[in-house]
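This report refers to the structure that appears directly beneath it.
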Amino acid sequence: MVIVAGHIVVDPGRREAYLANCVPVVEQARDAPGCLDFSIAADIVDPGRIVIFERWESQAAVEAFRGSGPSDEQGEAMLAASVAEYDVADVRSLS
């Protein structure tokens, strides 16, 4: 399993528009083969921060979906980004 997690920073005044622009990406990801979870969401404390969380069956599934990455418009809106991939060897359910 691969987890992609982190955050991006956008101008607080543009965050809602940025998130609205991400709706098709989230929908496509959730329908993609190997996607277990995919979320792009507003941080509840920082008005310019957007939280990224993805869970994939494999690295191949991530790469098949990822393609060329964010659109030019999304890339231009990002002021900073800190997102990483994590290879998960074992999972323990907490529920």
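The conditions of being at pLDDT 95 or above and surrounded by 13 or more Cβ atoms within 10 Å (Cβ to Cβ) are met by Phe38.
Where strands (runs of 3 or more DSSP E) fall wholly inside region 16-95, the ranges with 3 or more residues that are in contact (Cβ under 8 Å) with a residue 60 or more places away in the chain are 78-87.
Any residue that is outside any helix (DSSP H, G or I), acidic (Asp, Glu) and touching a residue at least 40 places away in the same chain (Cβ under 8 Å) - is there at least one of those in region 7-15? There is at least one residue in region 7-15 that is outside any helix (DSSP H, G or I), acidic (Asp, Glu) and touching a residue at least 40 places away in the same chain (Cβ under 8 Å). Name the single residue that is modelled with the highest pLDDT among those in region 54-93 being of a type in the set (A, V, I, L, M, F, W, C), over 17 Å from Asp37 (Cβ atoms) and surrounded by 14 or more Cβ atoms within 10 Å (Cβ to Cβ). My answer is Ala81. Scanning region 1-26 for residues that are closer than 30 Å to Asp90 by Cβ and either open to solvent by less than 40 Å² (accessible area, probe 1.4 Å) or at pLDDT 95 or above (or both) turns up Met1, Val2, Ile3, Val4, Ala5, Gly6, His7, Ile8, Val26.
The values are calculated or read from the model by the stated rules, or taken from the named source; none is laboratory data. Values in this document were obtained by computation on a predicted structure and should not be read as measured data. All Cβ positions, glycine included, derive from the backbone under ideal geometry; neighbour counts span all protein chains shown. The protein model used for the area step is the full one, side chains on, heavy atoms only, and it has no ligands, DNA or RNA in it. Shrake-Rupley method; radii C 1.70, N 1.55, O 1.52, S 1.80 Å.
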